[in-house]
Each structure stands twice: as structure tokens, then as C-alpha cells.
């Protein structure tokens, strides 16, 4: 007699592999059981899978024996712990973040506004650091109780191109050995202080040699 799994087709090896857990428990039809017995004799792979299933079944039985049957007290404690965890998760998820606390809840659904705000702050800080480094350490002196502005030895009024970058401005200042004492003013104009007054004309010529960056350069 040929065993069938569903009454429509013979039992094949793949069917036997799926039925191994029920085979071990004795919960399959007699014809299926006989077919698996026959397949086990001719398939080393199926016998190995059977041993694996037996090991898992033994481990589950041993685990259940160690844990014991669940009690009503343990079940209540477990449910309470689950509820506490859910409440903690909800509290963390509903807590407003830095932007919401500072700018209000209107930024919750506006990630682009958050990005623009961060970018603007970073740009302002970068420009502040750049011009701070270019500014002179001190342009004032004190006489008695009066503060007098010390005139630089030589200064220039320079208008840079609107396309000039901060790196290019720094390079130009380094080439003429100058520093910014005022600016930027309208027209991307700065007042530069030369460290050596003797190089005033040479500095003007040097600046004018870069028309792609310098619109005008003249004595102050």
C-alpha cells in the first residue's frame, strides 16, 4: 500500500521532512508513518534530520520541566512589566526634541526648516570666526582716561568681487601682508591695514593684478 499525505499524491521526501515533528509525537496516519519508516532506511539525510528533531524535542521537554507551569502571580507580574515598558516608551517618544523646545511644535512636520536653521547657524559661526581671525588684535590705545584710535601705518580700501570666496580673500591678504580692520561694507568692500607702510604701492599693484577677484584697490 502506498501512503498519501493528503489522499491525492504519494508521500515524498520533502513531505517526510515536514512531518518529522508529528512523526515523533505519533500524530500522523499509519500509512504516513510506514512511509517515513521506509524512507528513513534509505535516506541518511532524513535520519540526520530525525536526530536533530529528537534533540530539539528533548531540549524543549527539559526546558519546560525546569521552568514549571506558569502561575497566576507570575502572569500578573509579566503583564504589569509589559504595561510599564509601554508607558516608558510612550513617554520617551512624546518628549519634544531640542528644536521643538526652542522653536515650538510648528517645526515637528517641517524637517526642511530644521535643516535651514542649522545651516544658517553654522554659516554665521563660520563667518564670525573668519572675520575674527582677520581683525587686528587692537586698534586703540589709552592715554589717561581717554581712548584714542591709533591710525594704521598704511591702509587701503579694497572692493572684492561678489564671487570671491573666503579662501581666496585669505590668500590675497596673505600675499600683501595685510589684515582687515573694517568690513564688509556695501559692495563687498573692506578696509585693510598693511603691516609695512613701505609696501603700500606694491600691495595696490598686487591686488589690481587679480581683476577676477578685486574690483578696485586704492589708498584710504
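Here, each number is a calculation from the coordinates, and none is a lab measurement. None of these values were measured; they are calculated from a predicted model. All Cβ positions, even for glycine, are placed from backbone atoms using ideal geometry, and neighbour counts span all protein chains on display.
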Practice task
Take 175, 48 and order them by how many other Cβ atoms sit within 10 Å, fewest up front.
Solution key: 48, 175
Problem - Likely footprinting exposure, 73, 214, fewest C-beta neighbours within 10 Å first - result: 73, 214
Fill in the blank from the handout: Checking rank on 21-30, 177-186, 53-62, with mean other Cβ inside 10 Å and highest first, the result is 177-186, 21-30, 53-62
